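What follows is a short report on a single structure.
The values are calculated or read from the model by the stated rules, or taken from the named source; none is laboratory data. All of these numbers come straight from a predicted model, not from anything done at the bench. All Cβ positions, even for glycine, are placed from backbone atoms using ideal geometry, and neighbour counts span all protein chains on display. For the accessible areas, the whole protein counts, side chains as well, though only heavy atoms, and no ligand, DNA or RNA atoms are used. Shrake-Rupley method; radii C 1.70, N 1.55, O 1.52, S 1.80 Å.
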Amino acid sequence: PDCTAYETAGRISWSARGRAWSDFSPNQKWFAMGEALAHIYRLCVLGKVRRELLDDGHVVYHAV
């Protein structure tokens, strides 16, 4: 529900040697967020997720 791409990436179970999101280096988080965002954009194209730009400039995504 109503998550940024970064928040979504943090909730995914990554197969990075069993490490938790909090253990990822900043570079790993950057690339993981990019991968999550690619999937989110695809879901937007398919009409399964809706993108919303908030007044504070953040973007959140909603399941449709």
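Do the conditions hold for residue 9, that is, is it open to solvent by less than 70 Å² (accessible area, probe 1.4 Å), assigned to a helix (DSSP H, G or I) and at pLDDT 90 or above? No, not satisfied. Among all residues of segment 28-45, there is none that is farther than 16 Å from residue 61 by Cβ, in a loop (DSSP other than H, G, I, E, B) and not β-branched (Val, Ile, Thr). Within segment 35-58, residues that are of a type in the set (Val, Ile, Thr) reach partners that are surrounded by 11 or more Cβ atoms within 10 Å (Cβ to Cβ) and outside any helix (DSSP H, G or I) with beta carbons closer than 7 Å, at six or more positions or on different chains, in the pairs 40/49; 40/61; 49/61; 49/62.
Here's the yes/no breakdown for (1) open to solvent by 60 Å² or more (accessible area, probe 1.4 Å); (2) of a type in the set (Lys, Arg); (3) touching a Lys or Arg at 6+ places or on another chain (Cβ under 9 Å):
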site: 4; (1), (2), (3): no, no, no
site: 15; (1), (2), (3): yes, no, no
site: 23; (1), (2), (3): yes, no, no
site: 27; (1), (2), (3): yes, no, no
site: 34; (1), (2), (3): no, no, no
site: 43; (1), (2), (3): yes, no, no
site: 53; (1), (2), (3): yes, no, no
site: 57; (1), (2), (3): no, no, no
site: 63; (1), (2), (3): yes, no, yes
